[in-house]
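The values are calculated or read from the model by the stated rules, or taken from the named source; none is laboratory data. A quick note: this is a predicted structure, and the numbers were derived from the prediction, not measured. Here the Cβ positions follow ideal geometry from the backbone for every residue, glycine too, while neighbour counts run over all protein chains shown. Areas reflect the complete protein model, heavy atoms only, side chains present, ligands, DNA and RNA absent. Shrake-Rupley method; radii C 1.70, N 1.55, O 1.52, S 1.80 Å.
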Amino acid sequence: MLPPPPSHQGGDAPIRLTDNDAALAKLSAARLGYLSDPFIKHFVPRASFQPSRPPLINIGTFVRTVTIDDLVEQWIKLSNKEGKRCQIVSLGAGSDTRFWRLATGPQNDGLSTYIEVDFPENTMKKAMAIKKSKDLSVILGSPIDVKLGGTALSSPRYQLFPADLRQDPNISLKSLTTAPPPLNPSLPTLLICECVLVYMQPEESNCLLQWFQSYFASTGVLGTIVYEMFGLGDSFGRVMVSNLKVGETFEVLISARSPDELPRSSSKARNVSLPGADPFPSYQSLPSRFLNLGYTTARALTLKEIRRSYVEPEELDRISKLEMLDEIEELDLVLEHYAITWGLSLTSSSMGTWSEWGLVKREWNAQDD
Ligand SMILES: C[S@@+](CC[C@H](N)C(=O)[O-])C[C@H]1O[C@@H](n2cnc3c(N)ncnc32)[C@H](O)[C@@H]1O
């Protein structure tokens, strides 16, 4: 079979390249001891030569990763409490390593299937990296089957699919539902959208989420996590947008406090736009993404709030010793423009156990303020 045609051709390159930033940030956070991720180096070319990222980025990467890990871990435990193994689908997965971290961790037995989707150019790169690395492929087990001209990979529990998620999911995600369907409609399923929906038009991401919701509506339980930027209309949000357009990454934010202070042009111009952030001026507006589609419950928290009140104090204390951070004010400004939103779509009979799913505020401690 021929590989699917590359969509939107070269115009999508800047969006696909955002994966490089995400992978470099994770590599840096792992190397400096913020996170434990022995696998990310296999997805970054010349990993040992890559410079570390500034503390602000390392801390943001830490907060985002441990929070999503927490929600994933809870999902697996709740599925097991219901006597089931769970299924995880990561959209716009890029070079993410969560499957390998789960498969080598204590939650391994609770996981039935892990499916990743990205543009064919990115899935091809990932499939090649997996085949090249014994550390990665041994964890997949055998057989490992590379298909669709090298853009898809399947193994007993892990599947990698190429798709343009902006297209009609009945066509772009058809291979997930073709018998025997990789996507089992009766398993508790967690959808992870880690910094991907923001690159699509709101109608496109709504259609995508609606498709998953319908697929699980009669028999299953669907949880969804979205991590991304919001509130980009305020002055700091506009700095972030200009920043992406000129191809600079977040370290520019440390010195530039207004859009006027940013470099006017750059040969690295990326022109990444973030249409998906438009409907969400505040974090309070974020749950509407799910509630308007008929999800049962939804909640959102900014990374600033999560860092302040939801991350274990021992962990905050530990990472505070890794690097000097002078720019606390800038850190808060950046973290309050990123949020994690989680939503649950249930049939009426299934609420019980699942109502426990979500972030839990840690106990207040007199030293906190
Ligand atoms: C910022 S990266 C995040 C990667 C990964 N989720 C993470 O957090 O490390 C965004 C990813 O979403 C993918 N992506 C964005 N729009 C997409 C689309 N329409 N179809 C498929 N993948 C898309 C990009 O190719 C890229 O790999």
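Over the chain, what is the percentage of antiparallel beta bridges among all DSSP beta bridges, to the nearest 5? Bridges in the chain are about 45 percent antiparallel. On a per residue basis, the range 286-351 carries 47 Å² of accessible surface, using protein heavy atoms and a 1.4 Å probe. Couplings 3J(HN,Hα) of the range 40-45, computed from phi: 4, 4, 6, 9, 10, x Hz, in residue order, whole Hz [Karplus 6.51 cos²θ - 1.76 cosθ + 1.60, θ = phi - 60°; x for Gly and Pro]. Given R₀ = 30 Å, FRET efficiency for residue 361-residue 292 by Cβ-Cβ distance, to 0.05? Working from the Cβ atoms, E equals 0.70.
Scoring 325-335, 119-129 by mean Cβ neighbours within 10 Å over their residues and listing the highest first yields 119-129, 325-335. Entry note, the chain: the mean residue ellipticity at 222 nm calculated from DSSP H runs of n ≥ 4, each adding -39500 (n - 2.57), is -11000 deg cm²/dmol after division by the residues and rounding to the nearest 500.
For residue 190, the residues 5 or more places off, or on other chains, whose built amide H falls under 5 Å of its own are 87, 88, 89, 223. As a size descriptor, the averaged projected area of the C-alpha convex hull of the range 271-369 was calculated at 9.3 nm².
The Rg/Rh ratio for the range 1-119 is 1.01, where Rg is the radius of gyration of the alpha carbons and Rh is the Kirkwood radius.
Counted over the range 115-235, the DSSP beta bridges are approximately 35% antiparallel.
What residue among 105, 15, 295 has its Cα farthest toward the positive end of the dipole of the chain, where the charges are +1 on Lys, Arg and -1 on Asp, Glu, each on the Cβ? Final value for the positive-end residue is 105. Across the accessible surface of the chain, with the other protein chains kept in place and a 1.4 Å probe, carbon and sulfur atoms take up 54 percent. Once the Cα-Cα distance is subtracted from the 0.36 nm per residue extended length, the residue 318 to residue 132 segment shows a gain of 63.5 nm. The residues of the range 1-137 expose on average 41 square angstrom of accessible surface per residue, using a 1.4 Å probe on protein heavy atoms. Rg and Dmax over the alpha-carbon atoms of the chain stand at 19.8, 63 Å.
Semi-axes of the equivalent ellipsoid for the range 126-238, computed as √(5λ) from the eigenvalues of its C-alpha gyration tensor and ordered from largest down, come to 28, 20, 14 Å.
Model label sites at residue 299 and residue 46, defined 7 Å from Cα along the beta-carbon direction, differ in position by 4.5 nm. Per-residue surface analysis assigns residue 240 an accessible area of about 10 Å², computed on protein heavy atoms at 1.4 Å probe radius.
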